[in-house]
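Reading through the structure tokens given below for one structure.
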Amino acid sequence: MATSIDVSDLNIYYGDFLAVEGVTIPIAARSVTAFIGPSGCGKSTFLRSLNRMHEVVRGARVEGKVLVDGEDLYGDDVDPVDVRRMVGMVFQRPNPFPTMSIYDNVLAGQRLNSKRMKKTDADDAVERALRSAGLWAEVKDRLDRPGSGLSGGQQQRLCIARAISVEPEVLLMDEPCSALDPISTIVIEDLIHELKAQYTIVIVTHNMQQAARVSDTTAFFNLAGVGMPGRLVEHGATEKIFSNPDESATEAYIQGRFG
Ligand SMILES: Nc1ncnc2c1ncn2[C@@H]1O[C@H](COP(=O)(O)OP(=O)(O)O)[C@@H](O)[C@H]1O
Ligand SMILES: [Mg+2]
């Protein structure tokens, strides 16, 4: 399978604090990779380094390389805004712009990228993104209503529609279901399954069943203790990580013995 993201020797800092150390991992295109591990081991930090969201924190920086389709995201002449278009992100809490209509929420990223669009093109883009996010049928008659009027699960799908409306290569999701009920969670999981035909997806999850259900590859992160950097312990086919991991720490975590 083609590699979409190639990370080598990545160290991630907040000021002087080394939060994540020495991560090397290839992430296959058009597949789902799950990041698992105990709280504080740097899953979110690592995820945010994959679209240069990490550096919006004062003093935050990285060492090492992140290639997406062969291009170094941290290259000298790379604009972080372009990176975030190519590598979209969905967060733990659905965060549609509350007063903005459903329609405008979907286009929020487009409007920043390409100021003016013809009305028919905009309509098409909105419908395409909402269909891809599995939300079209539920909202097509109320596109002018505020995004905040939707249920939590619908809001999260709206955020997915917003992320994919700019046609990214990669979709990063940080615990996208942790604020949702079980039914909405399954809807999002089914959606992830469909979206991987088109996008490279990386999902952080604390839910082991979810990792096992949605991902092709699983990466287990751990840390030796408080104040120590998080490290990638092992990664591989999800089936293998869950049935026969190489490292005893992976097995202990998966069996719920810590974290
Ligand atoms: N904005 C921040 N400033 C300073 N330290 C941070 C910041 N965000 C996270 N950290 C620290 O980085 C480490 C990894 O955190 P995080 O990436 O949130 O872990 P996880 O997502 O696996 O729970 C933790 O020690 C955390 O306290
Ligand atoms: Mg986190």
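Of all residues in region 135-192, those being in contact with a strand residue (DSSP E or B) (Cβ under 6 Å, 6 or more places away or on another chain) and among the aromatic types (Phe, Trp, Tyr) number 0. Across region 226-256, the number of residues qualifying as under 26 Å from Tyr13 (Cα atoms) and either in a helix (DSSP H, G or I) or in contact with a helix residue (DSSP H, G or I) (Cβ under 6 Å, 6 or more places away or on another chain) (or both) comes to 5.
Each row is one residue, and each column tells you yes or no for (1) in contact with a Lys or Arg (Cβ under 7 Å, 6 or more places away or on another chain); (2) surrounded by fewer than 19 Cβ atoms within 10 Å (Cβ to Cβ).
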{"residue": "Met173", "(1), (2)": "no, no"}
{"residue": "Thr200", "(1), (2)": "yes, no"}
{"residue": "Arg213", "(1), (2)": "no, yes"}
{"residue": "Pro245", "(1), (2)": "no, no"}
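So is Gln255 exposed (fewer than 14 other Cβ atoms within 10 Å of the Cβ) and at pLDDT 95 or above or not? In short, no. Scanning region 167-198 for residues that are within 15 Å of the chain's Cα centre (by Cα) and not in a helix (DSSP H, G or I) yields a count of 14.
Hey, among the residues in region 48-68 that are among the basic types (Lys, Arg) and assigned to a strand (DSSP E or B), which one's farthest from Phe35 (Cα to Cα)? Taking the candidates together, the pick is Arg61.
Return the residue satisfying two criteria in turn: it lies in region 31-47 and is in a loop (DSSP other than H, G, I, E, B) and either near ligand 1 (Cβ under 8 Å from one of its atoms) or of a type in the set (A, V, I, L, M) (or both), and of such residues it is surrounded by the most Cβ atoms within 10 Å (Cβ to Cβ). Among them, the one singled out is Cys41. Of the numbered criteria (1) surrounded by 17 or more Cβ atoms within 10 Å (Cβ to Cβ); (2) modelled with pLDDT under 95; (3) acidic (Asp, Glu), the one Asp104 fails is (2). Modelled with pLDDT of 95 or more, within 26 Å of Lys240 (Cα to Cα) and in contact with a His (Cβ under 9 Å, 6 or more places away or on another chain) - does that describe any residue in region 62-85? No, every residue in region 62-85 fails to be modelled with pLDDT of 95 or more, within 26 Å of Lys240 (Cα to Cα) and in contact with a His (Cβ under 9 Å, 6 or more places away or on another chain). Residues in region 184-198 that are free of Cβ contacts under 8 Å to residues at least 60 places away in the same chain, surrounded by fewer than 18 Cβ atoms within 10 Å (Cβ to Cβ) and of a type in the set (Asp, Glu): Asp190 alone. Checked against the criterion of being touching a helix residue (DSSP H, G or I) at 6+ places or on another chain (Cβ under 6 Å) and in contact (Cβ under 8 Å) with a residue 24 or more places away in the chain, region 64-80 has no qualifying residue. Of everything in region 48-78 that is surrounded by 17 or more Cβ atoms within 10 Å (Cβ to Cβ) and near ligand 1 (Cβ under 8 Å from one of its atoms), the residue that is nearest to Ala249 (Cα to Cα) is Arg48.
The values are calculated or read from the model by the stated rules, or taken from the named source; none is laboratory data. Predicted model, so just to flag it, every value in this text is computed and none were measured. Here the Cβ is made from the backbone with ideal geometry for all residues, glycine too, and neighbour counts use every protein chain on show.
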